[in-house]
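Worksheet for the structure shown next.
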């Protein structure tokens, strides 16, 4: 590739990172092409994993009754969360959609198996969660690939893990870590839902970056003479 | 954009997902431009997060003495892991590099704070780890942005968390989840290190995909009459 192409390719990656949204209300339910779904799952499957353990699995859920059962469970969990909120926050929460389980084209349940990779997973000796982290990395690959395909993804976390395990006959030693609503969308919002609804804004990058050690910000570094 | 441009942009995203590698041996130590580092950290900071909590922080480590201390700790952990391996696996492990802490341009320690976002984090009511997952999603954004910049990233997990916390003065309620070696590389390998060294190969995507419920593979779906 020439330099201009390299630059365009780089910008395309930043663009998809910037345009990606956590979608709830914008799914239009149009069916998903099998080839597109395979590409998106293939991207997830190319994630890095500790010791090459690839501890993830993907359960593709199209069935309307299964989705309705999950959506009803999510509605219960939403009500339970709302009940914990002080009145002002509860009022803010009220109009915020938290899922598009039935409206999306398909559900992708991402699971994690700590058994995958055998007893000696290289790199998981000191940090047991390193396996779990690998599975989460796969989610972000999926999310960005879907965005590049013009699709939307919404991660639903308002559920009890045992409920979802039972619903999809997931073995006891496998953990469901996400229900991802995936599908065709009318559009992606420019501003994230929670910011638009005044739930919570974004913090500036400078607050998240420390130089050399925790708490040292730009301009405060100590340099040797 | 026209359709050809859209397609090129989509392919650029898949390309960077495919070319991304977990780098150990290929760092050449050339200094990193501040503007590039800011773009890569900015990409991480654009990750989705549960309830817009943005629970991550990034500690940028350039200091040689700090990096040497961390590398020495990692070497100890490597020896401890090697000691747990049966002889055949130990021989396979021997030539595999596990870090480029001193050779990379910079270290980025990614941390997670469960306190960020206050007492009512939307979407973390049922799944406590949803916050931790957000921080991991930020790592994958960083990884892909760095790859798009022509840089390499290597996630080092051979460390005890308390050691790294002490080394960088990270508060007790903040968890370091990754030391990422980031920097200029001579090249990216076509085949992942662990596969080239015969440690472990990749499983096919079809083994990771289940249709409708756990254990149902393509061709085995039950359709209603």
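Read the figures in this text as sums done on the coordinates, not as results from a lab. This is a predicted model, so every value here is computed, not measured. Virtual Cβ from ideal backbone geometry, glycine too; neighbours counted across all protein chains shown.
In whole percent, what relative contact order does the stretch A:3-208 give with Cα contacts below 8 Å and a gap of six or more residues?
Working: 317 pairs, mean separation 73.4, N = 206.
Here the relative contact order equals 36 percent.
Just want the ordering: A:133, A:163, from fewest to most Cβ atoms lying within 10 Å of their own Cβ.
Working: A:133 25, A:163 17.
Neighbour counts put them in this order, fewest first: A:163, A:133.
At residue B:86, label 7 Å along Cα→Cβ: distances to the other copies, nm, ascending?
Spelled out, the distances from residue B:86's label point are 5.9 nm.
For a label point 7 angstrom out from the Cα of residue A:206 toward its Cβ, which stretches of the stretch B:49-66 have the backbone nitrogen within less than 12 Å?
Correct set: none at all.
Please report the antiparallel percentage of DSSP beta bridges with both residues in the protein assembly as shown, rounded to the nearest 5. The partial results should precede the final answer.
Numbers: 42 of 50 bridges.
Beta bridges within the protein assembly as shown, antiparallel portion: roughly 85 percent.
What ranking do A:126, A:91 get, fewest neighbouring Cβ atoms within 10 angstrom at the top? Don't jump to the answer; show the numbers that get you there.
Working: A:126 19, A:91 10.
Ascending number of Cβ neighbours within 10 Å: A:91, A:126.
Taking the label point as lying 7 angstrom from Cα along the Cα-to-Cβ axis, what are the distances from residue B:215 to the corresponding position in the remaining copies, in ascending order and in nanometres?
5.4
Using just the helices of chain B, give the 222 nm mean residue ellipticity in deg cm²/dmol: DSSP H runs with n ≥ 4 each add -39,500 (n - 2.57), and the total is spread over all residues, rounded to 500.
Details: 8 runs with 91 residues, N = 225.
Result for chain B: -12500 deg cm²/dmol, rounded to the nearest 500.
Between the stretch B:148-193 and the stretch A:140-205, what is the C-alpha centre distance in whole Å?
26 Å
Arrange B:153, B:110 by Cβ neighbour counts within 10 Å, fewest through most, would you?
Ordered from fewest to most neighbouring Cβ atoms within 10 Å, B:153, B:110 come out as B:110, B:153.
Between the label point of residue A:188 and that of the same position in each other copy, find the distances and list them shortest first in nm, with every label point placed 7 Å from Cα along the Cα-to-C-beta direction.
Here the equivalent label points are 1.9 nm apart from this one.
If you wrap the stretch B:22-187's Cα atoms in a convex hull and average its projection over all directions, what's the area in nm²?
Details: hull surface 42.6 nm².
In nm², the orientation-averaged hull projection of the stretch B:22-187 is 10.6.
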